[in-house]
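Asker: My structure is below; once you've seen it, I'll send some questions.
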Amino acid sequence: MHISFLNPQGNFDPADSYLTEHPDFGGQLVYVKEVALAMTAAGHRVDIVTRRIVDREWPEFEAGIDRYPGTGDGLRIVRLSCGGPRFLAKEQLWDHLPEFVGNLVAFYSGAMPDFTTAHYADGGFCAALFECDTGVPFTFTGHSLGAQKLDRLGMSKVNAKELEARFRFSRRIAAERLAMERAVRIVTSTEQERREQYAHPLYSGAVDVEDSLRFSVIPPGVNTGIFTVDEGEAERPGAAAVRPSIVVSNRLDAKKNTIGVVKAFAASGELRERADLLLCFRGIRDPFGELDRLGGDDRSVLAPILETIVRYGLRERVRFLDVPSQQALAATYRAVANGGGVFALTAFHEPFGLAPIEAAACGLACVVTRNGGPSEIFADGSGVLVDPDDPRDIARGLLEALDNRQVLAVRARERVLKTYTWQRTAERYLSLIENALPCERAPACGVPPLDASRLIRDYASA
């Protein structure tokens, strides 16, 4: 088959530049790349279609066609013009997505793909428009949904205009509703994601979470060639330590709640006696010296972490490590595992949780948020669940993991290798696509205006 992945804000390139480092380049890039590679390895032709950027600050995204090493003609990165040549944040793309779809139709003129998979809200909107023009069916993988972000930010009558101006919720949620309505299947990472996220009142009428024919649960996976207990990249300087370490690897995002681990560590004398804290951020080597050069959002997340470290006198007990690649991250995880440490992810809500299964594949016991996908991943007791809003419970979970790390590490790794690999993810997608291709969909009668402002206004006022 010929399958196209639509990800307008993806910014993929062969060297994985900025992969997961930028707020616009989250875990969904890893997801799309790895599923595409696994489909290509299974003999299918795959395109990852994203936006072309001609900007000296982003030279990696200029070529119209790119390829990952070793994939031959099987996998292409296709970049299409959309909204001018410069880099645009994802919230600025909405006005330009019809141009993206027009260029997509022109690119495939005369040789349409058999199927598209749409990722994130903007990809879903583009897939729906593309289907209206060409009849090519699609699946929709939201990764995260706008309604939950709206709730986390506490939208109300008071701040509605400010939040709308920054995050364009009226367009994002309208796009998600359209994608849900038109997709032949909605793909979620967990059953909980289906039941909780898609049941939100702002999606009422667009999808029925009780309709199992509309959903497929397909968990993401781990690249077992990189994330493994087998020695790969040499042990990283700064990863190993005399004492066990609690390792955290996140981008600087408030919802990841790295500050929660730091507060738990600061408040627990027993935890400080038994372990150090290792915080891994890509591109940051000296956070105290580099704080002022960071952008406002990154600085607002890092500053409270540094203030807590200073207030509790923890500068000798909390180390920072720049993690420039997945290979470096895997080597870090192995070094921490060999030193008797554990992994922590205490996000306020995590739709799935790639990081803990990557850590588990490298032999680490995992302490994870109870909110979201990790509660399903470790439902068999192979990981420790904690309340991310309670530093005392985080400390309790970390101590429990340190006490039982060998048993937990073995069980978690076995679970990952059985259930969470990219080959299994691709197989499930391919089965879904093969079953969906014979299905005929009624043609769209036109795309409604991309505006859910009335829905949001009524919801915020309720």
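Asker: With Val46, Val30, Val35, Val78 as the choices, which residue is touching a strand residue (DSSP E or B) at 6+ places or on another chain (Cβ under 9 Å), surrounded by 18 or more Cβ atoms within 10 Å (Cβ to Cβ) and under 30 Å from Leu150 (Cα atoms)?
Answerer: On the way: Val46 fails: under 30 Å from Leu150 (Cα atoms); Val30 fails: touching a strand residue (DSSP E or B) at 6+ places or on another chain (Cβ under 9 Å); Val78 fails: under 30 Å from Leu150 (Cα atoms).
Exactly one residue qualifies, and that residue is Val35.
Asker: Restricting the search to region 386-407, which residues are within 18 Å of Gly373 (Cβ to Cβ) and out of contact with any helix residue (DSSP H, G or I) (no Cβ under 6 Å at 6 or more places or on another chain)?
Answerer: Matches in region 386-407: Asp389, Gly397.
Asker: Same structure, new question: Check whether at least one residue in region 151-159 is out of contact with any Leu (no Cβ under 8 Å at 6 or more places or on another chain) and either buried (at least 16 other Cβ atoms within 10 Å of the Cβ) or among the β-branched types (Val, Ile, Thr) (or both), and report yes or no.
Answerer: For region 151-159, residues out of contact with any Leu (no Cβ under 8 Å at 6 or more places or on another chain) and either buried (at least 16 other Cβ atoms within 10 Å of the Cβ) or among the β-branched types (Val, Ile, Thr) (or both): present.
Asker: Now for a different question. Looking at region 41-68, I want the residues that are in contact (Cβ under 8 Å) with a residue 12 or more places away in the chain and closer than 13 Å to Gln9 by Cα and have a partner that is among the aromatic types (Phe, Trp, Tyr) and in a helix (DSSP H, G or I) with Cβ atoms under 9 Å, at least 6 apart or on another chain. Which pairs are those?
Answerer: Val49/Phe100; Val49/Phe107; Thr50/Phe61; Arg51/Phe61; Arg51/Phe100; Arg52/Phe61; Ile53/Phe61
Asker: Continuing with the same structure: Pull up region 81-132, narrow it to residues that are within 19 Å of Ile65 (Cα to Cα) and aliphatic (A, V, I, L, M), then point me to the one that is surrounded by the most Cβ atoms within 10 Å (Cβ to Cβ).
Answerer: If we take residues in region 81-132 being within 19 Å of Ile65 (Cα to Cα) and aliphatic (A, V, I, L, M), then Leu104 is surrounded by the most Cβ atoms within 10 Å (Cβ to Cβ).
Asker: Among Pro113, Pro69, which is under 23 Å from Phe215 (Cα atoms) and assigned to a loop (DSSP other than H, G, I, E, B)? Lay out the reasoning, then the answer.
Answerer: Values: Pro69 fails: under 23 Å from Phe215 (Cα atoms).
Sole residue among the options that is under 23 Å from Phe215 (Cα atoms) and assigned to a loop (DSSP other than H, G, I, E, B): Pro113.
Asker: Which ones in region 275-328 are in contact with a Pro (Cβ under 8 Å, 6 or more places away or on another chain) and among the acidic types (Asp, Glu)?
Answerer: Asp276, Asp297
Asker: Another question about this same structure. Is at least one residue of region 93-113 within 26 Å of the chain's Cα centre (by Cα), in contact (Cβ under 8 Å) with a residue 60 or more places away in the chain and on the phi > 0 side of the Ramachandran plot?
Answerer: So far as region 93-113 goes, no, none of its residues is within 26 Å of the chain's Cα centre (by Cα), in contact (Cβ under 8 Å) with a residue 60 or more places away in the chain and on the phi > 0 side of the Ramachandran plot.
Values quoted throughout were computed directly from the atomic coordinates according to the rules given, and no laboratory measurement underlies them. Remember, predicted model here, so these are calculated numbers, not experimental data. Don't worry about glycine lacking a Cβ; one is built from the backbone with ideal geometry, like all the others, and counts go over all protein chains shown.
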